[in-house]
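Peer 1: First the structure, which I've put down as structure tokens, then a few questions once you've had a look.
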Amino acid sequence: MGKTLSEKIIEAHLFKGKMEAGSEIAIRIDHTLTQDATGTMVYLEFMAMKIPRVKTEVSVSYVDHNLLQTDFKNADDHRFLRTAAAKFGVIFSRPGNGVSHQVHLERFSVPGKTLLGSDSHTPTNAGMSMLAIGAGGLDVAMAMAGAPFYLNMPKIVGVRLLGSLPPWVSAKDVILELLRRQTVKGGVGKIYEYFGPGVETLSVTDRSVIGNMGAELGATTSIFPSDQRTLQFLQSQNRENVWQEIKADEDAVYEEIIEVDISKLEPMIALPSSPDNVKKVSEIEGLPVNQVIVGSSANSSYRDLMITAQAMEGRHCHPEVSFEINPGSNQALLNVTAFGGLTNLIKGGARIHQSGCLGCIGMGQAPGTGNVSLRTFPRNFPGRSGSYPDNVYLCSPETAVASAIFGKITDPRRLGEYPHVTNPEKYVINDENLILPPDSGDSVKIEMGPNIKPFPEFGPLEEDLEGIVGLKVGDNITTDHIMPAGSKVLPLRSNIPAISEFVFNNVDPDFPGRSKASGSVFVVGGENYGQGSSREHAAIAPRYLGVRAKLAKSFARIHKANLINFGILPLRFENPQDYDLLKPGARLRFSGIRKSLESGEEILVAKELESGKSIRVKLEVTPRERKILLAGSLINLSVH
């Protein structure tokens, strides 16, 4: 029996376990990336381990999220990240150099290597045939320290692509079609592995768009083969020396196969407020638009920006539209400029922003009251834009630029002849914004501003656990619901006491105060609890407030891992109907819970003290994870 591409890379990096779907494995990590919204915490955690130097082949610290400097906090944190990188042997990508995923794809990606990033869109590097996985910051810090990364062996789903994309249809429409079919929880516990003749028609940057938004399927990651298109991209970056061909065997066996004839696709769009609320653009044409943004992490390469620029030639954006461009990297912007695209964009009324995530994480570019905003971003969760409520739609650069021109949602096929855009044979390259670390960090002093507070200490699991249900929420609760982003909150990412005041801010603003007054707190959730961003603050800050367990119908992968890492019990209802019985304010008691974990019990029983009813929940964790929960956090276990 042949092997899939994913199995080949996992097998080559397997540190522990067997490659049986659902069983825990550990893999060696070659590369790590951090970004500034999560990176400050990663380096505080790494510092706590007392390890002088990272042990990976390549580790890069990117500053791409918190780029606005409205006071001292972000500037101070950027200096902290730069000096920490120098101290520990990490490459530092300066603010404005670009989005971590795009820059890593351009300058560091290597086919067949593993990449762990403290950002859920790390699978962008699937476009370079890397096994690229998003994870919580503490898992990334552990990988930087030389530890393997633990995960449950995913099921491998084959996605056979047929045909080639028609005019005005692009890679964004491919992944939106998959989201329409599979939903935001369809990929949980899976790797989406692309193959078939349609793959050969897609460039590396096309593939990276699909890999990026594979995170919205809930997938562990996505991956494409390394082929001649991969070699072409590496040659254009003067990095062809790292290329190798890697693909699945002809007789590889997949858990299931999804077939997509991309030649039959048409422009697609995700409506508010979920990436899987997808329709054809032609079905909703005519809705007036107030804001259009091209770029950020999902569609910000040279090709995406250049197709936008070419479509704007001789045209101007509608007077009611704020038309904005967020380049994915300085390299992308430099090459769009070199090939004449920037002139079209400026003449067409576009606002050119610095290279970074910006509006995707609510760091500026918030839409106005009741405005419709079209974005090429990967997410449109409620309030993520920085405005609440909001009306954010996700689409391709083609649909975005057509809508910017006409002032309403427009099928881009109305623009006429499709511009011919290909990636350059040789990119104009500038690596001056990548700061290499010194050979030794012994003389480097890490600079910490007043907003950076010591990492809070969390105690071990109690013998018994009693507390109130502090909050009850529904299905598909995102980490944006739990720990909002935006220009007001993100600058507090290195200050847990301060940022904890915003936990569930858009759901129940009184939650932080009520939790601190209550002591031990439980949160009740529905299906796919914790989907979205990898931000571990969505676990750390609730733990700081006294949240000791979360009871849900099911959990998203990264958030569940983060809960475990910081000593919060992720408990799944054995009987989903028990979800309906628990009300906010109910008092629960787990008697002898520590002994239950020590003895390996999977079924735990909570007593609802007012009614006396027993609630049975499953603790689905590995023996290693039980030790973490007993210790109260992974840091406690690592230190002791």
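Throughout, read-outs are computed from the coordinates displayed, never taken from laboratory work. Since we're looking at a predicted model, the values are computed, not measured. No Cβ is skipped: glycine too gets one built from the backbone with ideal geometry, and neighbour counts run over all protein chains shown.
Peer 1: When the label point is put 7 Å from the Cα of Thr622 along its Cα-to-beta-carbon vector, which residues of the stretch 536-579 have a backbone N closer than 16 Å?
Peer 2: So the set is 557-566.
Peer 1: Further question on the same structure: Apply the Debye scattering formula to the stretch 465-639, with a single equal point scatterer on each alpha-carbon and no solvent, then give log10 I(q)/I(0) at q = 0.18, 0.20 Å⁻¹.
Peer 2: -1.17, -1.46
Peer 1: Based on alpha-carbon positions alone, could you give the equivalent ellipsoid semi-axes of the chain from the gyration tensor, as √(5λ), descending, whole Å?
Peer 2: Square roots of five times the eigenvalues give 38, 27, 25 Å.
Peer 1: Also, quick follow-up: How much length, in nm to one decimal, is gained on full extension between Gln235 and Ala12, taken as 0.36 nm per residue of separation minus their Cα-Cα distance? Could the numbers behind the result be given before it?
Peer 2: Working: separation 223, 0.36 × 223 = 80.28 nm, distance 2.54 nm.
Residue separation times 0.36 nm, minus the Cα-Cα distance, leaves 77.7 nm.
Peer 1: What distance in nm separates the simple spin-label points at Glu574 and Thr201, each placed 7 Å from Cα in the Cβ direction?
Peer 2: About 5.2 nm, to one decimal.
Peer 1: Taking the alpha-carbon centroid of each part, what is the distance from the stretch 574-640 to the stretch 396-446 in angstrom?
Peer 2: Measuring centre to centre over Cα atoms gives 46 Å.
Peer 1: Counting other C-beta atoms within 10 Å, which of Ile482, Ile435, Ile615 has the fewest, and how do the rest follow?
Peer 2: Ile435, Ile615, Ile482
Peer 1: Then there's this: In debye, nearest 20, what is the charge dipole magnitude of the chain about its Cα centre with +1 on Lys and Arg Cβ and -1 on Asp and Glu Cβ, if you could check?
Peer 2: Using Cβ point charges on Lys, Arg, Asp and Glu, the chain gives about 1040 debye.
Peer 1: Would you work out the relative contact order for the chain, in percent, from Cα pairs under 8 angstrom that are 6 or more residues apart?
Peer 2: Values: 1658 pairs, mean separation 91.5, N = 640.
So the answer I get is 14 percent.
Peer 1: Taking the stretch 5-264 on its own, what percent of its Cα-Cα pair distances exceed 35 Å?
Peer 2: Details: 4700 of 33670 pairs.
Counting pairs separated by more than 35 Å, the tail of P(r) holds 14 percent.
Peer 1: Could you tell me how far the Cα centroid of the stretch 235-274 sits from the Cα centroid of the stretch 20-98, in Å?
Peer 2: Going from one Cα centre to the other spans 28 Å.
Peer 1: If we sort 269-281, 398-410 on the protection proxy, mean other Cβ atoms within 10 Å, highest first, what's the order?
Peer 2: 398-410, 269-281
Peer 1: Could you tell me the calculated FRET efficiency between Ile346 and Lys583, based on Cβ-Cβ distance and R0 = 56 angstrom, to the nearest 0.05? Please list the in-between numbers first.
Peer 2: Values: r = 57 Å, r/R0 = 1.01.
For Ile346 and Lys583, the calculated efficiency is 0.50.
Peer 1: So for the chain: antiparallel DSSP bridges make up what percent, rounded to the nearest 5?
Peer 2: Close to 35 percent.
Peer 1: Out of every Cα pair in the stretch 268-413, what percent are spaced more than 27 Å from each other?
Peer 2: 11 percent
Peer 1: With 5 Å bins from zero, work out the P(r) of the stretch 6-133 over every alpha carbon pair and list the percent per bin.
Peer 2: In order of increasing distance, the bins hold 2, 11, 20, 21, 18, 14, 8, 4, 2, 1, 0 percent.
Peer 1: A further question on this structure: What's the center-to-center distance, using Cα atoms, between the stretch 145-180 and the stretch 327-380 in Å?
Peer 2: Each part reduced to its Cα centre gives a spacing of 24 Å.
Peer 1: Another one. With label points built 7 Å along Cα→Cβ from the Cα atoms of Tyr418 and Ile51, find their separation and express it in nm.
Peer 2: My value for the distance between the label points is 4.7 nm.
Peer 1: Roughly how many nanometres apart are two label points built 7 Å out from the Cα toward the Cβ at Lys613 and Ile284?
Peer 2: That separation, rounded to one decimal, is 3.8 nm.
Peer 1: Would you please put 511-521, 597-607, 491-501 in order of how densely packed they are, using the mean number of other Cβ atoms within 10 angstrom per residue and starting with the highest?
Peer 2: 491-501, 511-521, 597-607
Peer 1: Something else: Taking the stretch 1-70, which GluC sites (Glu not before Pro) meet the DSSP loop condition and have no more than 10 other C-beta atoms within 10 Å? All intermediate terms of the calculation are to be shown ahead of the outcome.
Peer 2: On the way: sites: Glu7, Glu11, Glu20, Glu24, Glu45, Glu57; in loops: Glu20, Glu57.
The qualifying sites are Glu20.
Peer 1: Convert each backbone phi in the stretch 201-213 into a coupling constant with the Karplus relation 6.51 cos²θ - 1.76 cosθ + 1.60 (shift: θ = phi - 60°), then list the ³J(HN,Hα) values in order as whole Hz, x for Gly and Pro.
Peer 2: Going residue by residue, I get 8, 9, 6, 4, 6, 4, 4, 5, 4, 5, x, 4, 7 Hz, with x marking Gly and Pro.
Peer 1: Taking the Cβ of each residue in Phe108, Phe377 as the centre, tally the other Cβ atoms inside 10 Å and list the residues starting with the fewest. Don't skip to the answer; put the middle values down first.
Peer 2: Numbers: Phe108 24, Phe377 31.
Lowest count first: Phe108, Phe377.
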